[in-house]
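The values are calculated or read from the model by the stated rules, or taken from the named source; none is laboratory data. Note that the coordinates shown come from a computational prediction; the quantities given were computed from them, not determined experimentally. For neighbour counting, all protein chains shown are included, and Cβ atoms are generated from backbone atoms with ideal geometry for every residue, glycine included. The protein model used for the area step is the full one, side chains on, heavy atoms only, and it has no ligands, DNA or RNA in it. Shrake-Rupley method; radii C 1.70, N 1.55, O 1.52, S 1.80 Å.
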Amino acid sequence: MEELNLTTEYRNPKDLRPHPDNPRGLIDPASEAIMSLAADIAKRNLIQPIVISSNGVVLAGHRRRVAAIVAGLDSVPVIIRDRQQGEMVEELFLAENMQRQDLSPLEEARAIAAVQKKLEKKTRKSVTRMDLARRLQIGAQTITQRLAILDLPERVQKLFHLLELPGSSSTQLSRLKAWPDEVEKFADRLVTRQLTLRSLAAVIDRRIKDLSQLRDNEAILAREPRLRRIQRSHPEGVHTPVLTRDIVVENLAKKG
């Protein structure tokens, strides 16, 4: 990879343009997070430079740019960084923002997924997690954890964005993706500290076993309407023996 030639300048934040494909999307200048950052910038000035391309498009520091404008700054430090040959803009977002811990796990997940999609379109073949790890120079485990977030319900994704859930919990929660309500319940238990990350895998193991058994039973009933009718006509109780599958099958055979 060719050596980068980085230069630092000062620009008016109003002259900088957010990149349309940045993982953060639109940033609300009136949000609590931006107002808090703006207050800190007004007090201490902007210490960490904003990374931009040579034509003034922001690559890293979208929140800092908005907060600097809110704080009334007319000059902020910027580092000019253009893409290298063959480098995707999403790769640049990840390289610059992850070094500065400037993206949430959800934002990282979206950027990684965008790289994967573009690579698959370009190469016309499947791109594995290991391929992404080598290309992006990010650990394969981190790649897996981030992409697992995108398999989860939107409300749970937002919890990762708000840093309410540890990024490493995503792979365990995604094991329940066939049961979205269960994912939300377990996520809420993690957020409220009713469940620890250490115990999460074992608890989910047990829950998947119960849910799978329930699903299998429902599938049997759906395939055998006569079995369902017999079960309804022979409710379990004091005067009725507990129905087992063998008894039900035997009853079906008798009825021809």
- Query: Counting just the residues of segment 45-86 that are touching a helix residue (DSSP H, G or I) at 6+ places or on another chain (Cβ under 9 Å), assigned to a strand (DSSP E or B) and not β-branched (Val, Ile, Thr), which one comes out surrounded by the fewest Cβ atoms within 10 Å (Cβ to Cβ)?
  - Reply: LEU59
- Task: Would you mention how many residues in segment 189-210 are open to solvent by 60 Å² or more (accessible area, probe 1.4 Å) and either in a helix (DSSP H, G or I) or in contact with a helix residue (DSSP H, G or I) (Cβ under 7 Å, 6 or more places away or on another chain) (or both)?
- Result: 8
- Are any residues in segment 163-188 open to solvent by 80 Å² or more (accessible area, probe 1.4 Å) and assigned to a loop (DSSP other than H, G, I, E, B), and if so, which ones? LEU163, GLU164, LYS177
- Message: Please verify whether ALA148 is touching a helix residue (DSSP H, G or I) at 6+ places or on another chain (Cβ under 7 Å) and at pLDDT below 90, treating the condition exactly as stated.
- Response: no
- Provide a single number: the residues in segment 128-162 that are open to solvent by 40 Å² or more (accessible area, probe 1.4 Å), closer than 21 Å to VAL191 by Cα and among the aliphatic types (A, V, I, L, M). 2
